[in-house]
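Here the structure is laid out as structure tokens; the discussion comes afterwards.
No value in this document is a laboratory result; all are computed from the given coordinates. What you see is a predicted model; the values in this text were computed from it and never measured. Note that we place each Cβ from the backbone using ideal geometry, even for glycine, and neighbour counts take in every protein chain shown.
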Amino acid sequence: MQNQNPSGDLKLYMIGNAHLDLAWLWRWEEAREEMLKTSRTVLQLMDQYPDFVYTCSQAAAYQWIEEADPELFEAIRTKVKEGRWRIAGGWWVQPDVNIPCGESYIRQALYGKRYFLEKFGVEVKTGYNVDSFGHHGQLPQLLTHCEMDHYVFFRPKPSEKVLPATVFWWQASDGSRVLACRPPFHYNTSAEAIDAHIELAAKKIELHVGSEMLFYGVGNHGGGPTRKNINSIRQMQKRKDLPQIIFSDPESFFADIKPRAHALKVVEDELEFHSRGCYSTHSDIKRWNRFLEFQLLFAEKVSALAELKSGKKVPVEKIRQAWQTVLFHQFHDILAGTSIPEVYADADQALTETLVDVAGIINASVLALTGATSRFITNQWIVFNPVAWERTEIISLTVYFRGEVSSVRLEDASGVEIPVQIYSRIFHPDNGSFIEISFAGVLPALGSKGYRAVPDERNEPDFEEKTIVSFETDFYHLTFDPQNGLIQKIYDKENDVQVLAEPGNRLVVLNDPWDAWGHDVREFRDEIGSFRLNGDVTLEEDGAAFAKIRVDSRYGNSTARQTIYLYKHLRRIDFELFVDWQEQSKMLKVAFPINLTEFEGTFESPYGSVKRPVIGTEEPLQRWMDISGIYEGENNVEKAYGVSLLNDSKYGGDIKNSEMRLTILRSPVFAKEYHRLPQDLTGLAFMDQGEQKVRYSLIPHANGWQEAHIVRAAYAFNSRPETYWLQGELDAAEASYLKIDPENVVLTVFKKAENGQDWILRFYETEGRESLVSISLPVFSIRIEIPVHPHQVKSILVKEDGNQFTAVESSGMENPLEAGEEVCVTQICQE
């Protein structure tokens, strides 16, 4: 139907959609059936209404159709070619946009956009996350890096985040920007509300923009536009007092306003906050996500190296499928913890199978690359460092001897003895001796080092546990309160700083009566108690590698065991927490009050970091948070100082009055009804009941977190060295396959390109400094140099032609950039 309204150039773009939650209050199989049903209905409506246009995102949902109903899939392809079925988003799913690591967003686009290009011939340019619970500040850079120009979102709502207009330029910290739109009202609109929404939107269209988007259609469980929707819009099209009303799609809307976009305001900020409880709801799914992200990135690196070194082909398709499984479970209602228990049972099964596949890729690749073996032959090991810089790390091995042996000598390839700490000895006349040792190993960048264990005649007595109230290393002097087990003091000997303002490492219990989302909650401050010491503070081990201190405690029906590790060679103070949690509608945090003034708080975000007000609000984070400021010492001497708190699986925390608190868990009722809890919770299932485990680490540092290179420290904390038996010579086991400098740059990706021929490197600048990046690749016999700008994510495409290698800057879609930085490639000797 031709729009009959001639009033000016103002336009209302009506976006017909059916938001589909791929899992939420239903399992994925039910969502798949709804996707099929909704798609068939949409095609029927297109036959009845020639001007009707439909918008749909999420490659995973299209893949469901392709596999379940090829005929329906072909019908959709036809409508896409006609321009009536419009593809938006370009990502595998609509994920949580706070919790996944930065690389996951690039993979959402890489696999999603490639799918749409391959199956439909469509290059998607508009990002589309209409139901996600907030959007991190680096996303504009990641969108542009993946060749996307626009972004559509609805949350946070206007009451949660004030923006200058519905349409604006959204800019990341590196200067990248996209045209973003938060349309008015909601992505689900009933037929009864459409008329009122159109009238209200017509009054608010900004003249310098001239257009507005309005969404309509039944959503969440699919459904989409109805005949009543479409007929109502057609009636409104006849009114001459309204702007032009057009059945359309987001990309057409952005194309319309782009010529006038120079007048739009710029927002350089996160688009936060909505449902702050989601950062910490359902610990297991979040642990799965962190662990598999790192394992997949390591699998890509080591399989790429194995192909270059030994010719063993990278299993590109298996890696792609593993990524797609992880990306699917980053869907916002799954990863946020806001789905029913059955969804997480399905997730556990799928992610376990994925882990088996990924572990198999890692194992086979390391064996092909290094000459290691997966079965015991001799007491020789190869230790593989997954990060692209040299590091010192504590390594643990189990040594076996056929006879009775009580002590061990450990050597490297040069025969140099490495001091070891023996913490377990088991001897059985029929089975021999099993000795568990730990030591501090200096590991080459993204490479390996070999070690050999031989019997030693030294008779070292077993360490005897003892109760302590203090403990001292070369770095720190810790004092414990014997009454409650808290750390009373941490004295930083090197910097002459009393780190804590009050006792720290306190397990705080808070009242948390909210739903799984934590709707409308800004902060969690209702403290109702804390864990109390249950026994003594016990020194369990003290040797050449580490000291191990145990603190057992109890709250109500819940128990906790904290194991504190202090190292001879590392400034980290590590904590391993096991909790048997039996509380309901409560939250657990660990708190460290830091002795600083004039402080500021920084939280890691995906491929970046962000300063936020230190007012106690619950904040999203990734692997670390930091408080830095001024320490006032004796005689009023001031010095710049800070403390970082690292973690291996958590995503929420807060800072207030110089106290850092990492959120360990929440135990709300599993999602049942959206934003509505029943008065009587009897018989309902609560989250995070039973055993929970988390590792966290405290790193006090002089100056700011940048000078302490905390991003690298946190990345390494989440990337433990891998150990394998070695059947070859030790000296052949030592190698560095890839190294990146300087220290403010982190390499996250080295992989086989999706074209099956080239290679991809990706890194990002972490500390806000212009730098010249140097990447040494002895396996290529080349060194690559390229500038990187503050906070920039950069990808490099390496091409191989015989023994010659060339490199160009590329996008996240692995396409060369026409205006990319010049990449300098030089030959180096094979190491």
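Magnitude of the charge dipole for the stretch 590-739, about its Cα centre and with charges confined to Cβ atoms of Lys, Arg (+1) and Asp, Glu (-1), is about 440 debye. FRET efficiency for the pair GLU465 and VAL316, taken as 1/(1 + (r/R0)^6) with r the Cβ-Cβ distance and R0 = 51 Å, rounds to 0.50. Quote the FRET efficiency, to the nearest 0.05, computed for ARG227 versus LYS258 with a Förster distance R0 of 35 Å and r equal to the Cβ-Cβ distance. E(calc), rounded to 0.05, equals 0.60. The order of SER810, SER407, SER470, going from fewest to most other C-beta atoms within 10 Å of their C-beta, is SER470, SER407, SER810.
Beta bridges per DSSP, both residues in the chain: antiparallel share near 85 percent. Each other residue within a Cβ distance under 15 Å of VAL383 adds +1 if Lys or Arg and -1 if Asp or Glu, for a net charge of -3. Taking the average, over residues, of other Cβ atoms within 10 Å as the packing measure, peptides 137-143, 503-509 rank 137-143, 503-509 from highest down. When every Cα-Cα distance of the chain is counted in 10 angstrom steps from zero, the calculated P(r) takes the values 2, 12, 21, 24, 20, 12, 5, 2, 1, 0 percent.
Pull out a ≥ b ≥ c, the square roots of the eigenvalues of the alpha-carbon gyration tensor of the stretch 738-831, then state rounded if a/c is under 1.5, prolate if not and a/b is larger than b/c, and oblate in the remaining case. Verdict is oblate for the stretch 738-831. Legend: ranking of residues TYR451, TYR651, TYR49 from fewest to most surrounding C-beta atoms inside 10 Å; resulting order TYR49, TYR451, TYR651. By the count of other C-beta atoms within 10 Å, a proxy for reagent exposure, SER232, SER530, SER644 are ordered fewest to most as SER530, SER232, SER644. In order along the stretch 247-257, the Karplus-derived 3J(HN,Hα) couplings, from 6.51 cos²θ - 1.76 cosθ + 1.60 at θ = phi - 60°, round to 6, 7, 9, x, 5, 5, 4, 5, 4, 5, 8 Hz, and Gly and Pro are given as x. Count charges around GLU82 for me, please; just the other residues with Cβ under 14 Å from its Cβ, Lys/Arg as +1, Asp/Glu as -1. Around GLU82, the charge tally is +1. Comparing PHE120, GLY210, HIS135 along the charge dipole axis of the stretch 11-274, the residue lying farthest to the positive side is GLY210, per the Cβ-charge model.
Over the residues of the chain, the helix contribution to mean residue ellipticity at 222 nm works out to -7500 deg cm²/dmol, using -39500 (n - 2.57) for each DSSP H run of at least 4. Restricting attention to the stretch 11-274, close to 25% of DSSP beta bridges with both partner residues there are antiparallel. Placing R0 at 25 angstrom, the Cβ-Cβ distance between LEU163 and ARG522 gives a FRET efficiency of 0.85 after rounding to 0.05.
Given 4 °C and 1.567 mPa s, compute D for the stretch 504-585 with the Stokes-Einstein relation, Rh being the Kirkwood radius over Cα pairs; round to the nearest whole µm²/s. Reported coefficient: 88 µm²/s. Sorting 767-779, 385-397 by average packing, meaning the other beta carbons within 10 Å per residue, from highest down gives 385-397, 767-779.
Once backbone amide H atoms are built at 1.01 Å from N, ILE615 has ILE655 as its partners under 5 Å, excluding neighbours fewer than 5 places away on the same chain.
For the stretch 62-200, the square roots of the Cα gyration tensor eigenvalues, ordered a ≥ b ≥ c, give a/c of at least 1.5 with a/b no greater than b/c, which places it in the oblate category.
Can you tell me how the stretch 11-274 classifies by the Cα gyration tensor, rounded, prolate or oblate, using a/c under 1.5 as the rounded cut? Since a/c reaches 1.5 but b/c is at least a/b, the shape of the stretch 11-274 is classed as oblate. Full extension of the chain segment joining GLU770 with GLU404 gains 125.9 nm, where the gain is 0.36 nm per residue of separation less the Cα-Cα distance.
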